[in-house]
1. Mind checking whether some residue in region 63-74 is in contact (Cβ under 8 Å) with a residue 24 or more places away in the chain and more than 17 Å from Asp109 (Cβ to Cβ)?
2. Taking the condition touching a His at 6+ places or on another chain (Cβ under 7 Å) and more than 25 Å from Arg3 (Cα to Cα), does Leu64 pass?
3. Could you list, in sequence order, the residues of region 57-91 that are within 22 Å of Asp22 (Cβ to Cβ) and surrounded by fewer than 17 Cβ atoms within 10 Å (Cβ to Cβ)?
4. For region 1-19, what are the residues that are in contact (Cβ under 8 Å) with a residue 24 or more places away in the chain and not aliphatic (A, V, I, L, M)?
5. Counting just the residues of region 21-53 that are in contact (Cβ under 8 Å) with a residue 40 or more places away in the chain and over 13 Å from Gln106 (Cα atoms), which one comes out surrounded by the fewest Cβ atoms within 10 Å (Cβ to Cβ)?
6. Tell me, please, whether a residue that is more than 17 Å from the chain's Cα centre (by Cα) and modelled with pLDDT under 95 can be found in region 66-84.
Amino acid sequence: MYRNLVLLQGRLGADAEFKSFDGSGHVANFRIATTKRFRDKAGAPQERTEWHPCSHWIGTESALNFFRDKLRKGALVDVEGELRHRQYEKNGETRYITEVSAERVQPLDLPAKKPAVDAAPTSPAEPEAPSQPDEVIW
């Protein structure tokens with residue numbers, strides 16, 4: 001059996017765009033940048049950035065709200081999915097696109113939760129709660 005598997009880690013180039021479908025869910029469209037650093041034959045440092053269009057199906061309102069908050073310009077994410085080729089018509093012209101159909105999107109730079117200003121400090125005997133979840137997968 002052959003696999004169509006894409007694994008990317010990069011930063012969003014702009015806020016994700018969201019589209020809703022009547023009663024069947026939502027889709028997030030976004031582009032992430034990956035950068036490879038290397039040295040050329042002369043030993044000079046080089047950098048090559050690739051842009052990857054991605055789409056991610058979102059089935060619930062809570063997931064939609066989560067992604068609206070997290071998929072912002074500059075956000076660091078892990079994306080796992082498969083490569084898809086599709087075509088569409090625009091102004092009478094057929095256009096072709098290759099994109100990552102993301103099955104899993106993992107925001108990596110979740111901000112630490114800040115305590116409320118008027119919150120009472122915890123006693124030393126109580127263990128502190130983690131400042132962010134170990135893993136958030138949708």
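The values are calculated or read from the model by the stated rules, or taken from the named source; none is laboratory data. Remember, predicted model here, so these are calculated numbers, not experimental data. Glycine also receives a Cβ, built like all others from the backbone with ideal geometry; neighbour counts cover every protein chain displayed.
1. yes
2. yes
3. Result: Trp57, Gly59, Thr60, Glu61, Ser62, Asn65, Phe66, Arg68, Arg86, Tyr88, Glu89.
4. Asn4, Gln9, Gly10, Arg11, Gly13, Asp15, Phe18, listed by residue number.
5. Of everything passing the filter in region 21-53, Pro53 is surrounded by the fewest Cβ atoms within 10 Å (Cβ to Cβ).
6. no
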